[in-house]
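Visitor: Pasting a structure below so you can have a look.
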Amino acid sequence: MRVSVCMAVYNGASFIERQLNSILRQLNTDDEIIISDDSSTDSTCEIIDSLHDSRIRLVKNIFQRGPVGNFENALGLASGDFVFLSDQDDEWLPNKVADTVILLENYDLVLSDCRVVNSLGDIIYKSFFQHRRSQPGFWKNLYKNSYNGCCMAFRRDVLSYALPFPSKIHMHDWWIGLLVEVKGRTYFYPKPLINYTRHGGNASPTGEDGYSLKVKIANRVSLFICVIQRLWI
């Protein structure tokens, strides 16, 4: 059973080498990391190339697609049986892949806990689950999303109904999580498996911090309509 790690990058030179090394040491020789670069202007791509690892496949967008489109590009190229999502600036803890693959034998999607850290590695929250009060359930997660993409992995067949992404969704991980809540089996694994790094320059805020109430409501309405259209129409 092969593993595909899908990573969307943009100007990630500060952390990308650390993150890739934390992933590569857990992969087998026939696994892969699909990296979609959204027209980085720093040395991100040069750092990736310098690792000289045949398991890494780097593709470069001609035009910027944004975080959602960038992840969609990487996911469309994945060929593994199990698909892991990865951000460019985190650090995977030992046994993330091994623990998750075992769980994916019985579940369609696994969401693991994580430690929230700053750029120096100092712990901000020991448990994202506790901080976010993460729980499974469609309505619970439509109201308050627990599906943090960097902590997600799923079976390949999830892509058969998650792709292509609707143009009106603003978070790919929220979209995938809600779909599997309806169509498959999810599991919230309480063991932290990554250091989730918050450094002030992340592509997305933790949760929905920073969005207005109007935007939050609009996001949920759009997501709900898109889920109905994808699964029942």
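The values are calculated or read from the model by the stated rules, or taken from the named source; none is laboratory data. Quick caveat, the model's predicted, so the values are computed rather than measured. Here Cβ is always computed from backbone atoms with ideal geometry, including for glycine, and neighbour counts include all displayed protein chains.
Visitor: Name the single residue, out of those in the stretch 109-153 being small (G, A, S) and over 25 Å from A98 (Cα atoms), that is modelled with the highest pLDDT.
Guide: Narrowing the stretch 109-153 to residues small (G, A, S): 112, 119, 121, 127, 134, 137, 146, 149, 153.
With the extra rule that they be over 25 Å from A98 (Cα atoms), the set shrinks to 119, 137.
Values: S119: 86, G137: 98.
That would be G137.
Visitor: Within the stretch 89-102, how many residues are buried (at least 22 other Cβ atoms within 10 Å of the Cβ), assigned to a loop (DSSP other than H, G, I, E, B) and not charged (D, E, K, R)?
Guide: 0
Visitor: So, one more: Is the stretch 175-183 home to any residue that is in contact (Cβ under 8 Å) with a residue 40 or more places away in the chain, in contact with an Asp or Glu (Cβ under 7 Å, 6 or more places away or on another chain) and under 21 Å from S86 (Cα atoms)? Quick ask: steps written out before the conclusion?
Guide: Looking only at the stretch 175-183, we keep the residues that are in contact (Cβ under 8 Å) with a residue 40 or more places away in the chain, and these are 175-183.
If we keep only those that are in contact with an Asp or Glu (Cβ under 7 Å, 6 or more places away or on another chain) as well, we get 180.
Narrowing further to those that are under 21 Å from S86 (Cα atoms): 180.
Yes, that holds for at least one residue.
Visitor: Same structure again: Restricting the stretch 172-228 to residues that are at pLDDT below 95, in a loop (DSSP other than H, G, I, E, B) and not small (G, A, S), which is farthest from the chain's Cα centre (by Cα)?
Guide: Top of the filtered list is Y211.
Visitor: So if I check each of D113, D122, D157, which one is crowded, with 16+ Cβ neighbours inside 10 Å and of a type in the set (D, E)? Steps first, please.
Guide: On the way: D122 fails: crowded, with 16+ Cβ neighbours inside 10 Å; D157 fails: crowded, with 16+ Cβ neighbours inside 10 Å.
Only one candidate passes the filter, namely D113.
Visitor: Can you report the number of residues in the stretch 103-124 which are part of a strand (DSSP E or B) and either farther than 17 Å from M152 by Cβ or among the aromatic types (F, W, Y) (or both)? First the steps, then the outcome.
Guide: Narrowing the stretch 103-124 to residues part of a strand (DSSP E or B): 109-117, 123-124.
When the remaining residues are screened for being either farther than 17 Å from M152 by Cβ or among the aromatic types (F, W, Y) (or both), the result is 117, 123-124.
Selection size over the stretch 103-124: 3.
Visitor: Looking at the stretch 153-195, which of its residues are of a type in the set (D, E, K, R) and closer than 26 Å to I217 by Cβ? Please lay out each step first, then the result.
Guide: Pass one, the stretch 153-195, residues of a type in the set (D, E, K, R): 155-157, 168, 173, 181, 183, 185, 191.
Selection gives K168, D173, E181, K183.
Visitor: Still on this structure, I have one more. Go through (1) within 14 Å of the chain's Cα centre (by Cα); (2) modelled with pLDDT of 95 or more for P164 and report which single condition fails.
Guide: (1)
Visitor: Looking at K140, K144 in this structure, which one is without any contact (Cβ under 8 Å) to a residue 12 or more places away in the chain and more than 17 Å from S22 (Cβ to Cβ)?
Guide: On the way: K144 fails: without any contact (Cβ under 8 Å) to a residue 12 or more places away in the chain.
After ruling out the rest, the residue left standing is K140.
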